[in-house]
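Notes to accompany the following structure.
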Amino acid sequence: MSDKKLKFAFYWAASCGGCEIAVLDINEVILKVAGAADILFWPVAIDTKYKDVEAMPDGHIDVCFFNGAIRNSEQEHLAHLLRKKSKVLVAFGSCAVTGGIPGLANLSNKQGVFDTVYHDNASIENPKGTEPEPSSKVKEGELTIPEFFDTVRTLDQTVDVDYYLPGCPPPTKLILQAVDAIIKGALPPKGSVIAPVKSVCDECRFIRSDKRITSIRRIYEFERVEDKCLLEQGIICMGPATRGGCGGPCMEANMPCTGCGGPTPNSPDQGGKMISALASVLGVEGEEGKDDEEIDTLIDGIVDPVGTFYKYGLPSALINRKVMR
Ligand code: SF4
Ligand code: SF4
Ligand code: SF4
């Protein structure tokens, strides 16, 4: 990067807005950002039109922080547009990096989502069965809205991505590291995940004893032992399969890790790695292996397996959607 003031852009696609709040969570450092960079495009905060971005020369934006998954044609268009106009594109947050919570819609398709939202829903009255149409004729002409896709995609399943900042939302510490590296012109090699290579377990202070468990429980079902590994108390904690960098705030709040940091570097399929870790702690493999009936009973204890093992990353998993017939 040169000594000139940088040019930043922020965009939200299929997103909850939490990643936008996370940008503000850097507190007074936002002043440092404002001193080092002009923000040219930020729909949540600045009234810049898409046509203003379209009019920019290619590569005009130095760094674009893109949060949210891609689930409609407007988000897809903006991903391509911002890729073209930006020297560096950062996938910001789980939704952009691995598909995030919106990616769980890959358990259904467009019609399934519309059925739930516009028809089979106790809070909806829709006697005419109206659904959004991408194009409608009115007397003034044709009105269009974005087309809703069957499948939710990650940002890098849509365009080339330079850096990844995982988390739901990314931890403030990692955002600060990324901003600092950008301002100093010290970014890591293209394709890097701006987070430690360690897992959440490596950062967790809870004590592990390599103990086997006999059943799976949920956190509200018993009184847990303080400061002892939650997984070894029978709670599914995604720590072994999740990239660290957050410092383990969930465990400090008496909750297991649900995996928002995304997969660890050596195991790109986060759910697969967690299932393997769980099999090991349950003792279902090797000499201590259990019979089929015992294994079925254990599996029955896992409520919502996809939502547990792929909560933030179904679109980027090896099997990334349910086949709809
Ligand atoms: S990563 Fe989390 S905080 Fe960010 S937009 Fe997605 S759901 Fe919201
Ligand atoms: S499994 Fe969860 S509670 Fe246990 S050490 Fe890992 S992060 Fe901590
Ligand atoms: S402990 Fe897990 S779920 Fe909680 S912030 Fe860290 S990675 Fe995300």
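The values are calculated or read from the model by the stated rules, or taken from the named source; none is laboratory data. Computed from a prediction, not measured in an experiment: that's the story for all the values here. Backbone-built Cβ (ideal geometry, glycine too); neighbour counts: all protein chains shown. With ligands, DNA and RNA removed, areas are computed over all heavy atoms of the protein, side chains included. Shrake-Rupley method; radii C 1.70, N 1.55, O 1.52, S 1.80 Å.
Please enumerate the residues belonging to region 247-277 that are free of Cβ contacts under 8 Å to residues at least 60 places away in the same chain and more than 11 Å from ligand 3 (Cβ to nearest atom). Within region 247-277, Asn254, Asn266, Ser267, Pro268, Asp269, Gly271, Gly272, Lys273, Met274, Ile275, Ser276, Ala277 meet the criteria. Summed over region 203-217, residues that are outside any loop (DSSP other than H, G, I, E, B) and surrounded by 14 or more Cβ atoms within 10 Å (Cβ to Cβ) total 2.
Pull up region 20-41, narrow it to residues that are open to solvent by less than 20 Å² (accessible area, probe 1.4 Å) and touching a Ser or Thr at 6+ places or on another chain (Cβ under 9 Å), then point me to the one that is farthest from Asn67 (Cα to Cα). Here the residue is Ile26.
Conditions (1) within 16 Å of ligand 2 (Cβ to nearest atom); (2) over 21 Å from Tyr220 (Cβ atoms); (3) modelled with pLDDT of 95 or more, marked per residue:
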| site | (1), (2), (3) |
| --- | --- |
| Lys273 | yes, yes, yes |
| Val281 | yes, no, no |
| Ile302 | yes, no, no |
| Lys311 | yes, no, yes |
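Looking across region 45-76, the residues that are free of Cβ contacts under 8 Å to residues at least 24 places away in the same chain and either in a helix (DSSP H, G or I) or crowded, with 24+ Cβ neighbours inside 10 Å (or both) come down to Lys51, Asp52.
Any residue at all in region 81-91 that is more than 16 Å from the chain's Cα centre (by Cα) and of a type in the set (Gly, Ala, Ser)? Scanning region 81-91 turns up at least one residue that is more than 16 Å from the chain's Cα centre (by Cα) and of a type in the set (Gly, Ala, Ser). Just one of the numbered conditions (1) open to solvent by 50 Å² or more (accessible area, probe 1.4 Å); (2) more than 16 Å from ligand 1 (Cβ to nearest atom); (3) over 22 Å from Ser280 (Cβ atoms) is not true of Cys168: (2).
May I ask you to verify whether Leu89 is in a helix (DSSP H, G or I), open to solvent by less than 60 Å² (accessible area, probe 1.4 Å) and either touching a residue at least 60 places away in the same chain (Cβ under 8 Å) or within 16 Å of ligand 3 (Cβ to nearest atom) (or both)? No; evaluated as a whole, the condition is false for this residue.
Residue-level check: of (1) farther than 30 Å from Lys4 by Cβ; (2) away from ligand 2 (no atom under 14 Å from the Cβ), Ala178 misses just (1). Only one of the numbered conditions (1) in a loop (DSSP other than H, G, I, E, B); (2) open to solvent by 80 Å² or more (accessible area, probe 1.4 Å); (3) of a type outside the set (A, V, I, L, M); (4) closer than 29 Å to Pro315 by Cα is violated by Cys257, and that is (2). Scanning region 260-278 for residues that are open to solvent by less than 20 Å² (accessible area, probe 1.4 Å) and in a helix (DSSP H, G or I) turns up Gln270, Gly271, Met274, Leu278.
Filter region 233-254 down to the residues that are under 19 Å from Gly313 (Cβ atoms) and of a type in the set (A, V, I, L, M), then identify the one that is nearest to ligand 1 (Cβ to nearest atom). Step by step, filter region 233-254, then rank; the result is Met238. Evaluation of Val197 against the conditions (1) open to solvent by less than 50 Å² (accessible area, probe 1.4 Å); (2) at pLDDT 95 or above shows that the sole unmet condition is (1). For region 218-254, residues that are in a helix (DSSP H, G or I) and surrounded by 13 or more Cβ atoms within 10 Å (Cβ to Cβ) total 9. Every residue in region 174-199 that is assigned to a helix (DSSP H, G or I) and within 16 Å of ligand 1 (Cβ to nearest atom), please. Passing the criteria: Leu174, Ile175, Ala178.
The set of residues in region 291-317 being assigned to a loop (DSSP other than H, G, I, E, B) and of a type in the set (Val, Ile, Thr) consists of Ile302, Val303.
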